[in-house]
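Colleague: This is the structure I want to talk about, given as structure tokens.
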Amino acid sequence: MELTQYIQTYFGIDQRYLSTIAELFEIQPLSKGDFLLKQGQAKGNLSFLQVGYLRFFATPPHSDKEVTQWIGASGAFVGDLANLIFDTPARWNIQALTDCELYMISQDNYRKIETFIPQWHRLEKLFIAKCFITLEQRIFDLLSLSAEQRYDSLMQQDSHLFNAVPLQYLAAMLHMTPETLSRIRQKNLLDIDQVTLYYLALSL
């Protein structure tokens, strides 16, 4: 899918403006281990992750423990919205877990969009609302679902993460210990094996 299609899908922008906006984005390769954004950074950006995986994490004050907030995968816009829109220092580090390819728009170019799209403020508001709805659902799931239910939900939505991302990061994102995640995975794999053996037995 081309960048213009991504922009239209996420923002609902009129076809006549798409190519102009797309020209404000630049292709940005990111090698594994490199940072797209660092905690405390003044100027941010908005990027569309075309290929690869990114980890959002922060180190709380007076702590040396990293807190993984989210894993970004191909097909998502990524950035720190407060940093991008309100000029607050970045709250998150965004680091490449794999080699990545992104379409990136700088903060300055992002702000140029309102100069040629009359309804931009309404479209931007809808985009931000979608982001907050997603965040609210994640918070609700963390508060209301058991560890196994959170694991099942991630498996149903983004099973590819388990083959591409270190388990300790997924465990942190799911708000559980790596040991708990390993135990749940082993149980699920055992259940799958038992179902497979059952159907093999039936076919004999």
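Taken together, the values in this text are just the output of simple stated rules run on the coordinates, not laboratory data. Computed from a prediction, not measured in an experiment: that's the story for all the values here. We place every Cβ from the backbone using ideal geometry, glycine too, and count neighbours over all the protein chains shown.
Colleague: Scale the Cα Rg of the stretch 1-117 by the rule-of-thumb value 2.2 N^0.38 Å and send over the ratio, two decimals. Don't skip to the answer; put the middle values down first.
Modeller: Numbers: Rg = 14.6 Å, N = 117, 2.2 N^0.38 = 13.4 Å.
Its radius of gyration relative to the 2.2 N^0.38 Å reference: 1.09.
Colleague: Please enumerate, by chain and number, the aspartates and glutamates with C-alpha under 16 Å from the C-alpha of LYS43, excluding those fewer than 8 residues away in the same chain.
Modeller: ASP80, ASP87, ASP108
Colleague: Quick check: net charge around LYS32, other residues with Cβ under 15 Å of its Cβ, Lys/Arg +1 and Asp/Glu -1? Present the calculation step by step, with values, prior to reporting the outcome.
Modeller: Details: positive: ARG55; negative: ASP34, ASP99, GLU101.
For residues surrounding LYS32, the net value is -2.
Colleague: Taking DSSP loops as anything outside H, G, I, E and B, show the longest stretch in the chain free of GluC sites (Glu not before Pro) there with at most 12 other beta carbons within 10 Å.
Modeller: Numbers: sites that count: GLU2, GLU23.
With a cap of 12 other Cβ atoms within 10 Å, the longest stretch comes to 24-204.
Colleague: For THR59 paired with HIS175, estimate the spin-label separation in nm (one decimal), with each label point 7 Å from Cα along the Cα-to-Cβ line.
Modeller: Taking the simple label geometry, THR59 and HIS175 are separated by 2.5 nm.
Colleague: 7 Å from Cα along Cα→Cβ at both ALA42 and SER144: what's the point-to-point distance in nm?
Modeller: If labels sit at ALA42 and SER144, their model points lie 4.3 nm apart.
Colleague: If you don't mind, there's one more thing I want to ask. Along the Cα→Cβ direction, 7 angstrom out, place labels at ALA76 and LEU126. What is the inter-label distance in nm?
Modeller: 2.2
Colleague: Which net charge results when you count Lys and Arg as +1 and Asp and Glu as -1 among the other residues whose beta-carbon is under 15 Å from that of ALA58?
Modeller: Values: positive: LYS38, ARG55, LYS65, ARG91; negative: ASP64, GLU66, ASP80.
That works out to +1.
Colleague: Roughly speaking, what is the stretch gain from GLU66 to ASP108, that is 0.36 nm per residue apart minus the C-alpha to C-alpha distance, in nm to one decimal?
Modeller: Values: separation 42, 0.36 × 42 = 15.12 nm, distance 3.00 nm.
Result: 12.1 nm gained on full extension.
Colleague: Now, a different point. Summing Lys, Arg as +1 and Asp, Glu as -1, what charge do residues with Cβ under 15 Å from the Cβ of GLN168 carry, GLN168 excluded? Intermediate results must be reported in sequence, preceding the final value.
Modeller: Numbers: positive: ARG55, LYS65, ARG183, ARG185; negative: GLU66, GLU179.
The answer is +2.
Colleague: I've got another one for you. Longest exposed-loop-site-free stretch of the chain, with trypsin sites (Lys or Arg not before Pro), DSSP loop and at most 13 other Cβ within 10 Å? Don't skip to the end; give the middle numbers.
Modeller: Values: sites that count: LYS32, LYS38, LYS43, LYS65.
Between the exposed loop sites, the longest stretch runs 66-204.
Colleague: The chain: percent of C-alpha pairs farther apart than 24 Å? Present the calculation step by step, with values, prior to reporting the outcome.
Modeller: Details: 10216 of 20706 pairs.
Tail fraction, whole percent: 49.
Colleague: Counting pairs of alpha carbon atoms under 8 Å apart in space and at least six apart in sequence, what relative contact order in percent does the chain give? Can you show the working numbers first?
Modeller: Details: 280 pairs, mean separation 44.9, N = 204.
22 percent.
Colleague: Okay, next question. Which entries of LYS125/LYS187; LYS130/LYS187; LYS38/LYS112; LYS38/LYS187 show an alpha-carbon separation above 31 angstrom in the structure shown?
Modeller: LYS125/LYS187; LYS130/LYS187; LYS38/LYS187
Colleague: Identify the chymotrypsin sites (Phe, Trp or Tyr not before Pro) of the stretch 91-144 meeting these criteria: DSSP loop state and at most 12 other C-beta atoms within 10 Å of the C-beta.
Modeller: Working: sites: TRP92, TYR103, TYR110, PHE116, TRP120, PHE127, PHE132, PHE140; in loops: TRP92, PHE116.
In loop regions of the stretch 91-144 (DSSP not H, G, I, E or B), the sparsely surrounded chymotrypsin sites (Phe, Trp or Tyr not before Pro) are PHE116.
Colleague: By how many nm would the segment from GLN137 to SER19 grow when fully extended, if each residue of separation counts as 0.36 nm and the alpha-carbon distance is taken off? All intermediate terms of the calculation are to be shown ahead of the outcome.
Modeller: Details: separation 118, 0.36 × 118 = 42.48 nm, distance 3.30 nm.
Residue separation times 0.36 nm, minus the Cα-Cα distance, leaves 39.2 nm.
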